[in-house]
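Notes for the one structure printed next.
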Amino acid sequence: MEPIYTAEQLAEVKAYHQPRYLFSFIDFALTPLVLLVMVRWATRPLWRVSERAGARIDGLGLKLPTKLWNGPGWAAALVFALLFFGVYSLPDIPIEIWFGYFHEHDHGLSRASPAVFIVDSLKGKLLFVGAVGSLVFGLFGLARRTKHWWWLLGVTASLLMLISTALDPYRGRIYVEQTPLPAGALRDRITALMAKANIDFRDVLVEHTASRTVRLQAYFAGTGPTRTIVLNDSLIAALTEDEVLAAVAHESGHVNEPRWPGRAASSLVLIGFLFLVELVFRRSAAKQWFGIAERADVRTLPVIVLVFTFGLMLGNPISGAVSREREYAADRYGLALTGDVPAFRSMLVKAARTNKMDPDPPRWAVLRGMSHPPIGERVDAIGR
Ligand SMILES: [Zn+2]
């Protein structure tokens with residue numbers, strides 16, 4: 001059978017991925033060190049600046065945040081959290097620009113203009129500031145009121161995650177325009193395929209990403225009544241109808257995956273982590289870390305982020321392994337659904353070539369938590 005890449009194409013794919021692996025390795029090794037250094041040497045100076053700025057903002061006499069926070073001091077806490085994340089992610093900005101813009105353009109993967117890249121980055125930063133605000137008021141604000149906050153917040157966040165999955169189809173629109181797939185043969189065949197798979201869906205949408213990226217994308221967003229099949233314009237342009245159906249068939253393999261074990265596990269992990277945070281709160285007040293006198297002081301944030309980062313380092317390999325198994329299962333399901341082996345294979349090969357997927361990434365990169373099996377192994381598994 002025809003290999004995925006010619007020698008020349010493979011060299012280009014490797015040239016695209018090599019610096020990304022190198023950076024990913026350095027990032028993995030340095031992140032905990034940077035956080036340790038920040039915990040030790042940045043907490044106090046950042047707090048001094050935050051207290052001064054906070055006192056000025058308090059002077060404005062804003063009533064709502066004071067009420068949410070259950071007393072004064074919210075402004076210093078918010079400034080501290082923003083400063084901490086700002087300083088922590090500052091070195092990432094040039095790296096994000098290089099990998100996100102220049103490297104993508106050099107290898108012909110991105111078509112985003114500088115303006116689009118900047119606007120998208122700013123939208124991301126704005127969402128992040130919103131998230132930091134919710135973290136400060138949600139976590140620290142609640143913990144200041146009650147010692148039961150960790151399970152109250154854990155249960156609430158678990159329920160919100162359920163709702164959030166249902167809202168996924170709407171989130172994509174923050175970045176790109178989506179329009180319904182026009183009536184015609186493709187829509188009819190997708191509808192028939194979903195009827196065969198016994199999967200309800202709300203709509204098939206085309207995501208207009210061609211002005212930003214050459215990559216092919218297909219995914220299902222939402223759940224139950226909000227389930228939406230999303231195909232990007234490049235995918236529809238590059239694939240034959242049979243290949244589009246193969247991609248949709250793969251995605252429908254994810255629909256019937258057991259969700260509840262994963263949801264229960266992540267809720268338990270979340271509640272366990274929040275309890276660990278409560279222990280940090282108690283210990284920091286008892287031992288007066290960084291001059292802390294009370295539980296739930298925002299100066300513990302760098303310690304909490306450090307604990308969280310270690311948690312991710314342990315958790316990502318596990319969730320990645322589960323996810324890769326599910327991808328194989330979705331491939332098998334999709335193949336059985338359409339019964340069209342050649343179209344499934346050529347869909348994967350076209351996606352690999354266009355998206356420049358590495359057929360055999362280094363083992364450590366896979367084990368660290370890649371969500372998909374290496375494309376070479378996926379293509380090999382089809383014939384079996
Ligand atoms: Zn998949």
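Electrostatic tally near residue 127: other residues with Cβ closer than 12 Å to its Cβ, Lys and Arg +1, Asp and Glu -1, net +2. A cut-off of 5 Å between modelled amide H atoms, ignoring neighbours fewer than 5 places along the same chain, links residue 213 with 111. Here segment 274-330 is treated with +1 on each Lys and Arg Cβ and -1 on each Asp and Glu Cβ, and its dipole about the Cα centre works out to around 180 debye. Ordered from longest to shortest, the equivalent ellipsoid semi-axes for segment 219-320 are 45, 15, 12 Å, each the square root of 5 times a Cα gyration tensor eigenvalue. Principal axis extents of the Cα atoms in segment 18-134, from largest to smallest and rounded to whole angstrom, are 53, 33, 19.
One chain, two ends: residue 177 and residue 159. Fully extended at 0.36 nm per residue, the span grows by 3.6 nm beyond their Cα-Cα distance. Note on 194, 161: ascending count of other Cβ atoms within 10 Å places them as 161, 194, the fewest first. Placing a label point 7 Å from the Cα of residue 131 along the Cα-to-Cβ direction, the residues of segment 311-343 whose backbone N falls under 15 Å of that point are 312. Note on the chain: dipole from Cβ charges, positive end direction compared against 258, 5, 132; the farthest Cα belongs to 132.
Would you grab the residues whose amide H sits under 5 Å from the one on residue 203? Only those 5+ places off in sequence or on another chain, please, with H modelled 1.01 Å from N. For residue 203, whose amide H was placed from the backbone, the distant partners under 5 Å are 229.
Here the sum of -39500 (n - 2.57) over DSSP H runs of 4 or more residues, divided by the residues of the chain, equals -22500 deg cm²/dmol at 222 nm, to the nearest 500.
Panel values: segment 168-271, Kirkwood radius from alpha carbon pairs, Stokes-Einstein at 4 °C and 1.567 mPa s, translational diffusion coefficient 88 µm²/s. Averaging 1/r over each pair of different alpha-carbon atoms in segment 84-230 and inverting the result gives 18.7 Å, the Kirkwood hydrodynamic radius.
Karplus-based coupling profile of segment 181-188, in residue order and whole Hz: 5, x, 4, x, 4, 4, 4, 4, with θ = phi - 60° in 6.51 cos²θ - 1.76 cosθ + 1.60 and x standing for Gly or Pro. Projecting the Cα atoms of 354, 301, 339 onto the charge dipole of segment 298-384 (Cβ charges, centred on the Cα centre) puts 301 farthest toward the positive pole. Between the Cα long axis of helix 301-338 and the first principal axis of the chain there is an angle of about 20°, rounded to the nearest 10. The three principal axes of the C-alpha atoms in the chain carry coordinate ranges of 68, 44, 38 Å, sorted with the longest axis first. The ranking of 233, 331, 200 by Cβ neighbour count inside 10 Å, starting from the fewest, reads 200, 233, 331. Karplus-based coupling profile of segment 32-48, in residue order and whole Hz: x, 5, 4, 5, 4, 4, 5, 4, 6, 10, 9, 4, 5, x, 5, 5, 4, with θ = phi - 60° in 6.51 cos²θ - 1.76 cosθ + 1.60 and x standing for Gly or Pro. Sort 150, 289, 69 so that the residue with the fewest other Cβ atoms within 10 Å of its own Cβ comes first and the one with the most comes last. Fewest-to-most Cβ neighbours within 10 Å comes out as 289, 69, 150. Calculated FRET efficiency, residue 109 to residue 368, Cβ-Cβ distance, R0 = 25 Å: about 0.70 to the nearest 0.05. Over the Cα atoms of segment 1-40, the radius of gyration divided by the Kirkwood radius equals 1.37; this is the Rg/Rh ratio. Dipole check for the chain: with +1 at the C-beta of Lys and Arg, -1 at the C-beta of Asp and Glu, and the Cα centre as origin, the magnitude is about 1860 Debye. Against the chain, whose longest principal axis comes from its Cα atoms, helix 241-255 is set at around 40 degrees.
Using the Cβ-Cβ distance between residue 26 and residue 279 with R0 set to 35 Å, the FRET efficiency works out to roughly 0.65.
Measuring max minus min along each principal axis, the C-alpha atoms of segment 163-205 give extents of 30, 23, 9 Å (largest first). For segment 281-384, the Kirkwood estimate of hydrodynamic radius, built from reciprocal distances between every pair of different alpha carbons, is 16.9 Å.
The 3J(HN,Hα) values that the Karplus relation (6.51, -1.76, 1.60; θ = phi - 60°) gives for segment 148-155 are, in residue order, 8, 3, 5, 7, 4, 5, x, 5 Hz. Gly and Pro appear as x.
If one takes the longest principal axis of the Cα atoms in the chain, at what angle in degrees, from 0 to 90 and to the nearest 10, does the Cα axis of helix 114-135 lie? With rounding to tens, the tilt is 50 degrees. The tail of the calculated P(r) for segment 116-194, taken as Cα-Cα distances beyond 19 Å, holds 63 percent of the pairs. Just so you know, the Cα atoms of segment 70-153 work out to an Rg and Dmax of 17.8, 54 Å. Based on alpha-carbon atoms, the Kirkwood radius and the radius of gyration of segment 106-145 give Rg/Rh equal to 1.34.
Computed from the coordinates by the stated procedures, all read-outs in this text should not be read as laboratory data. Everything numeric here is computed off the predicted structure, so don't read it as measured data. Glycine gets a Cβ as well: all are built from the backbone with ideal geometry, and neighbour counts include every protein chain shown.
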